[in-house]
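The values are calculated or read from the model by the stated rules, or taken from the named source; none is laboratory data. Not measured: the values here are computed from a predicted model. Here the Cβ is made from the backbone with ideal geometry for all residues, glycine too, and neighbour counts use every protein chain on show.
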Amino acid sequence: MPEATERPYILHMLTATPQMSPFDVNMAADAGYQVIVPYCNVGSEHVVTLTQDAIFSRGPKGVSRTGIFIGGRDVMLAADMLDTARHAMVPPFEVSVFADPSGSYTTAAALVALVEKHLKGGHNADLGGKRVLILGGTGAVGRVAAAMAASLGAQVLIASHSDIARATQVSDEVNRRFDIATTGVSVRTSDDLHHALSTAEVVMATAVAGVQVMSAADLSHARHLLIAADVNAVPPEGIAGVHVMDDGKPLAGAVRQDALGIGALAIGNVKYQVEHRLFVRMRTGGKPVYLGFPEAFDEARAIVGVSGGGLG
Ligand SMILES: NC(=O)c1ccc[n+]([C@@H]2O[C@H](COP(=O)([O-])OP(=O)(O)OC[C@H]3O[C@@H](n4cnc5c(N)ncnc54)[C@H](OP(=O)(O)O)[C@@H]3O)[C@@H](O)[C@H]2O)c1
């Protein structure tokens, strides 16, 4: 039977949380999805059923116009849900799946790719072997940035302002899940923070929005600092002296004259492009794709013009 109109692009958006992110709904629509359906409070035990319910109704032609997005807050759960959805496919009934919980995969991808770019451009150095301190590293963006940087060979400290137990627990979790070797560190007191800063070559600030995690006075303890990157766009600056638009700008007040700052809107600009491109790739690639944080990172590197080995 001939079809009267072309089938719409449908995106099924799953989240383990009570609400789907409006940011991601907007991004999906702007990337060409026409019917967008959120499914909230989705447990990992629901993913096989929902995936198979989505793939069988539209025929092999329709599945190429159908996609699944996995959101939520939990970066490990989303990685597991992406794997589960992929394994639930029954070829040729197979649809593209993209995970980006809390924007963390695309934000961390943009953050780490820009750090690589400015390490190379400003210091002729790679991330491999660098001492990286992630302030607010126990959160969604911090965990993924830690996984990426450690996979590239950096020595990563995941810092918590709460206590060492939380830092160690998160570090152990990401190490197990992603087969990496990070270390948890407490920055609860100023002395703790200054001790951690004293050896750091790269500082990434990924704490909750609107909190300053490194003041101008703290900066004077970062004697080896090459790059300071801050994802927080809500005043005050997460790292004093790193302005939101900075994109490899000399960092005033740093001990080393060649230290560079990367701000939240420079990172956000790349994050936006990564997410848009991944949604478009789902719809237009011609075959099903499975997009997690390694794919987000490859896309971010392509956008900022960095090449290198993939995530190990
Ligand atoms: N630029 C962009 O494009 C972009 C995109 C998405 C998100 N973001 C930003 O990325 C940041 C991280 O987002 P997220 O979802 O990963 O955050 P999150 O999980 O909500 O929080 C990250 C960490 O912040 C720490 N924290 C909480 N309260 C704090 C305080 N008062 N002082 C210091 N640390 C505190 C907590 O760790 P501990 O208690 O263990 O210290 C928490 O694990 C946010 O600032 C968000 O706005 C930026």
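Can you tell me which residue among Ala167, Ala200, Ala181, Ala149 is farther than 23 Å from Leu260 by Cβ, at pLDDT 95 or above and buried (at least 22 other Cβ atoms within 10 Å of the Cβ)?
On the way: Ala200 fails: farther than 23 Å from Leu260 by Cβ; Ala181 fails: buried (at least 22 other Cβ atoms within 10 Å of the Cβ); Ala149 fails: farther than 23 Å from Leu260 by Cβ.
Only one candidate qualifies: Ala167.
Give the residue, chosen from Ser64, Ser151, that is within 17 Å of the chain's Cα centre (by Cα), away from the ligand (no atom under 11 Å from the Cβ) and over 21 Å from Ser198 (Cα atoms).
Working: Ser64 fails: within 17 Å of the chain's Cα centre (by Cα).
The match here is Ser151.
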*Read through the list (1) without any contact (Cβ under 8 Å) to a residue 12 or more places away in the chain; (2) in a loop (DSSP other than H, G, I, E, B); (3) closer than 29 Å to His195 by Cα, then give the number of the only condition that Ala222 fails.*
(1)
*Tell me, which residue of the stretch 222-237 that is closer than 18 Å to Ser160 by Cβ and of a type outside the set (Val, Ile, Thr) is farthest from the ligand (Cβ to nearest atom)?*
Asp230
*asked:* Residue pairs, Cβ under 9 Å, 6 or more apart or interchain, first in the stretch 202-214 and over 9 Å from Ile134 (Cβ atoms) and near the ligand (Cβ under 7 Å from one of its atoms), second not in a loop (DSSP other than H, G, I, E, B) and not aliphatic (A, V, I, L, M). List them.
replied: Ala207/Gly142; Val213/Asp230
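Residues to consider are Thr189, Thr138; find the one that is surrounded by 21 or more Cβ atoms within 10 Å (Cβ to Cβ), within 14 Å of the ligand (Cβ to nearest atom) and hydroxyl-bearing (Ser, Thr, Tyr).
Numbers: Thr189 fails: surrounded by 21 or more Cβ atoms within 10 Å (Cβ to Cβ).
Going through Thr189, Thr138 in turn, just one is surrounded by 21 or more Cβ atoms within 10 Å (Cβ to Cβ), within 14 Å of the ligand (Cβ to nearest atom) and hydroxyl-bearing (Ser, Thr, Tyr): Thr138.
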_Condition broken by Ile303, with the remaining ones in (1) more than 16 Å from Ile68 (Cα to Cα); (2) within 13 Å of the chain's Cα centre (by Cα) satisfied_ = (2)
*Could you please tell me which pairs satisfy a Cβ distance under 9 Å, a separation of 6+ or placement on different chains, a first residue in the stretch 124-145 that is over 20 Å from Ala259 (Cβ atoms), and a second residue that is of a type in the set (S, T, N, Q) and surrounded by fewer than 24 Cβ atoms within 10 Å (Cβ to Cβ)?*
Thr138/Ser162; Thr138/Gln169; Gly139/Ser102; Ala140/Ser102; Val141/Ser102
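Yes or no: Val112 of a type in the set (Val, Ile, Thr), at pLDDT 95 or above and surrounded by fewer than 24 Cβ atoms within 10 Å (Cβ to Cβ)? Spell out how you get there, then give the answer.
Working: of a type in the set (Val, Ile, Thr): yes; at pLDDT 95 or above: yes; surrounded by fewer than 24 Cβ atoms within 10 Å (Cβ to Cβ): no.
When the stated conditions are applied, Val112 does not pass them.
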*How many residues are among the acidic types (Asp, Glu) and in a loop (DSSP other than H, G, I, E, B) when one looks only at the stretch 225-255?*
2
_Condition broken by Val170, with the remaining ones in (1) assigned to a helix (DSSP H, G or I); (2) in contact with a Pro (Cβ under 9 Å, 6 or more places away or on another chain) satisfied_ = (2)
*asked:* Just to confirm my filter: which strands (runs of 3 or more DSSP E) fall fully inside the stretch 1-118 and include at least 1 residues that are assigned by TED's automatic domain parsing to the domain that holds Ala296 and within 30 Å of Gly248 (Cβ to Cβ)?
replied: 96-99
*Could you identify the single residue in Ala159, Ala181, Ala196 that is within 19 Å of the chain's Cα centre (by Cα), touching a residue at least 12 places away in the same chain (Cβ under 8 Å), assigned by TED's automatic domain parsing to the domain that holds Ala113 and within 15 Å of the ligand (Cβ to nearest atom)?*
Ala159
*Can you run down the residue pairs with Cβ atoms below 6 Å, 6 or more apart or on separate chains, where the first is in the stretch 102-119 and more than 7 Å from the ligand (Cβ to nearest atom) and the partner is not aliphatic (A, V, I, L, M)?*
Tyr105/Phe293; Thr106/Asp100; Thr106/Lys271; Thr106/Glu275; Ala109/Phe297; Ala113/Arg301; His118/Gly248
*Failed criterion for Lys61 (all others in (1) at pLDDT 95 or above; (2) surrounded by fewer than 16 Cβ atoms within 10 Å (Cβ to Cβ) hold)*: (1)
*Do we have Val174 as within 14 Å of the ligand (Cβ to nearest atom), surrounded by fewer than 23 Cβ atoms within 10 Å (Cβ to Cβ), within 26 Å of Ala79 (Cα to Cα) and not hydroxyl-bearing (Ser, Thr, Tyr) here?*
no
*surrounded by 15 or more Cβ atoms within 10 Å (Cβ to Cβ), at pLDDT below 95 and hydrophobic (A, V, I, L, M, F, W, C): does that describe Phe98?*
no
